[in-house]
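Written below as structure tokens is the structure these notes are about.
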Amino acid sequence: MEEHDHSHDHDHDHSPIESPGDVPPSYYEVMETSLRELLIEKQLIAPGEIRRQLEVLDSRTPALGAKVVARAWVDPEFRSRLLEDGRSACEDFGITFYDDTKLIVLENTDKVHNLIVCTLCSCYPRPVLGLPPDWYKAKPYRARAVKEPRAVLKEFGTQIPEDVEIRVSDSTSMVRYLVLPRRPEGTKDFTEEQLAGLVTRDAMIGVITIEPVN
Amino acid sequence: MSSTEMLLKRLPNDIGGVPADPIVQTDHPLLPWEKRCHALADVLDFHKIINSEEKRRGVEALGTELIGKLTYYERWAAVFALILFEKGILHPEELARKMAEVQGRHQAEPAS
């Protein structure tokens with residue numbers, strides 16, 4: 001199902017979605033408002049669509065990705081489907097994709113550590129993680145992750161043993177990646193929900209590993 | 001290597017592998033207008049009016065100086081306007097008029 005086609009099952013008031021504030025809007029905020037209003041006037045987009053998409057954006061956080069990871073840790077069948085086709089496994093899990101992107105899930109093992117980046121811009125697995133942090137979109141990470149990943153990881157406090165290969169995957173507008181971190185030691189008796197609580201955004205980008213639980 | 005060769009090989013977005021500063025783990029919660037700008041980008045993509053690759057190329061076409069000076073979502077707003085002009089969906093004068101109207105609305109109704 002495409003999110004933007006859903007019929008509204010609750011009332012929306014149609015008051016402006018700008019929030020009034022004391023600060024006058026910037027030139028670019030005025031531009032954003034103007035573009036949106038002109039496109040609505042021309043009936044190229046519907047008034048409710050922006051509001052609906054704001055709700056979709058608000059509903060996507062790393063907690064969703066964490067649930068996917070925890071499920072993969074406890075359910076080997078789900079894990080293999082996830083590694084085979086990330087998007088359809090997530091969709092079966094109830095996570096809708098609101099864009100046309102493919103999702104490739106990269107599994108960390110004792111031999112390979114994965115790191116994701118978008119060197120050209122800011123492509124990111126948004127349906128499962130929400131929007132990327134600023135540092136992911138900034139030059140230092142984009143420029144250096146593909147060239148000196150170990151040095152980059154060190155700046156995040158992460159040290160990967162020399163005998164573990166570091167594999168960096170560069171996202172595109174059509175192909176997005178998600179790292180499946182290694183399940184930490186000391187979690188044998190954890191429930192799926194407890195496991196999900198250990199999984200962070202940065203671990204799913206691959207800049208950190210998940211610490212063992214004592 | 002000639003002085004322009006690197007410029008041609010490395011368009012403004014193509015920075016993978018170039019030397020850069022240490023990573024500063026910055027983040028900020030999006031401002032309301034930035035989030036609306038993101039939602040607008042998604043809706044434009046749904047309707048095949050502007051897809052994300054067109055948006056990325058549009059940002060690149062802003063050139064290094066503007067890319068460096070504008071914030072992330074300022075670039076997006078600017079690029080949407082330029083692409084919509086290019087596609088003949090909006091006319092620059094229309095946008096100018098609408099922007100004056102929106103600006104005027106804020107001046108007429110100062111926030112309480």
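Read-outs: derived from the displayed coordinates by stated rules, not from any lab. These figures come from a predicted structure and were not determined experimentally. Neighbour counts run over all protein chains shown; Cβ positions are idealised from the backbone, glycine included.
For this structure, a couple of remarks:
- When B:HIS47, B:HIS38, A:HIS113 are arranged by Cβ crowding within 10 Å, least crowded first, meaning fewest neighbours, the order is B:HIS47, B:HIS38, A:HIS113.
- Each of A:THR33, A:THR109 has some number of other Cβ atoms within 10 Å of its Cβ, and from fewest to most they run A:THR109, A:THR33.
- Summed residue charge, Cβ within 15 Å of B:GLN25's Cβ, Lys/Arg positive, Asp/Glu negative: +1
- Among B:ILE23, B:ILE49, the ranking by other beta carbons within 10 Å of each residue's beta carbon, starting with the fewest, stands as B:ILE49, B:ILE23.
- When you filter the trypsin sites (Lys or Arg not before Pro) in the stretch A:110-209 for DSSP loop state and at most 11 other Cβ atoms inside 10 Å of their Cβ, you are left with A:LYS111, A:LYS188.
- Counting Cβ atoms of other protein chains within 10 Å of each Cβ in A:139-152 and taking the mean gives 5.
- Length-normalised contact order of chain A in % [C-alpha pairs under 8 Å, at least 6 apart]: 24 percent
- The residues neighbouring A:LEU103, those whose beta-carbon lies less than 14 Å from its own, together hold a net charge of -1 under the Lys/Arg +1, Asp/Glu -1 convention.
- For peptide B:57-65, the mean count of partner chain Cβ atoms within 10 Å of a residue's Cβ comes to 1.
- Cleavage-rule hits, trypsin sites (Lys or Arg not before Pro), the stretch B:1-69, DSSP coil, Cβ neighbours within 10 Å at most 15: B:ARG10, B:LYS48
- Environment charge of A:LYS67, counting only residues whose C-beta is closer than 9 Å and scoring Lys/Arg +1, Asp/Glu -1: -1
- Counting, for every residue in B:75-83, the Cβ atoms of other protein chains within 10 Å of its Cβ and taking the mean gives 3.
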